[in-house]
1. For residue 52, which of the numbered conditions (1) closer than 16 Å to residue 4 by Cα; (2) out of contact with any helix residue (DSSP H, G or I) (no Cβ under 8 Å at 6 or more places or on another chain); (3) modelled with pLDDT under 95 fails to hold?
2. Where the second residue is in a loop (DSSP other than H, G, I, E, B) and surrounded by 11 or more Cβ atoms within 10 Å (Cβ to Cβ) and the first is at positive phi and lies in segment 13-33, which pairs have Cβ atoms under 9 Å and are six or more apart or on separate chains?
3. If you go through segment 32-65 one residue at a time, how many are over 14 Å from the mean Cα position of the chain (by Cα), surrounded by 14 or more Cβ atoms within 10 Å (Cβ to Cβ) and farther than 26 Å from residue 85 by Cβ?
4. Need the failing condition index for residue 85 against (1) exposed (fewer than 11 other Cβ atoms within 10 Å of the Cβ); (2) touching a strand residue (DSSP E or B) at 6+ places or on another chain (Cβ under 9 Å); (3) closer than 16 Å to residue 3 by Cα, just the number.
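The values are calculated or read from the model by the stated rules, or taken from the named source; none is laboratory data. In this text the structure is predicted, and so the values were computed from the model without any measurement. No Cβ is skipped: glycine too gets one built from the backbone with ideal geometry, and neighbour counts run over all protein chains shown.
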């Protein structure tokens, strides 16, 4: 399983954030908001921030589960349970 996080912040800010919170996964930068727009995390490239959403993508690169509203406290357990079913 590969876990990626994506935010609109620049690479250096994401690196500092990931280090501060000891993220066990890569945090990617989408400063042009292309991924955010494509996956529905924002309406357009002028958005100041992304909505908290996520997707579980299967081994063939297809979206298996969409999570349109994410609660950080419970989300990891929810995704792991869903991933075990795939």
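1. Only one criterion in (1) closer than 16 Å to residue 4 by Cα; (2) out of contact with any helix residue (DSSP H, G or I) (no Cβ under 8 Å at 6 or more places or on another chain); (3) modelled with pLDDT under 95 is unmet by residue 52, namely (2).
2. Filtered contacts from segment 13-33: 33/8; 33/41; 33/42; 33/45; 33/47; 33/50.
3. Within segment 32-65, the first condition is being over 14 Å from the mean Cα position of the chain (by Cα), and the residues that meet it are 32, 43-48, 58-62, 64.
With surrounded by 14 or more Cβ atoms within 10 Å (Cβ to Cβ) added as a condition, the list becomes 47, 64.
Among the residues that remain, those that are also farther than 26 Å from residue 85 by Cβ are: 47.
Counting residues in segment 32-65 that are over 14 Å from the mean Cα position of the chain (by Cα), surrounded by 14 or more Cβ atoms within 10 Å (Cβ to Cβ) and farther than 26 Å from residue 85 by Cβ gives 1.
4. Condition (3) is where residue 85 drops out.
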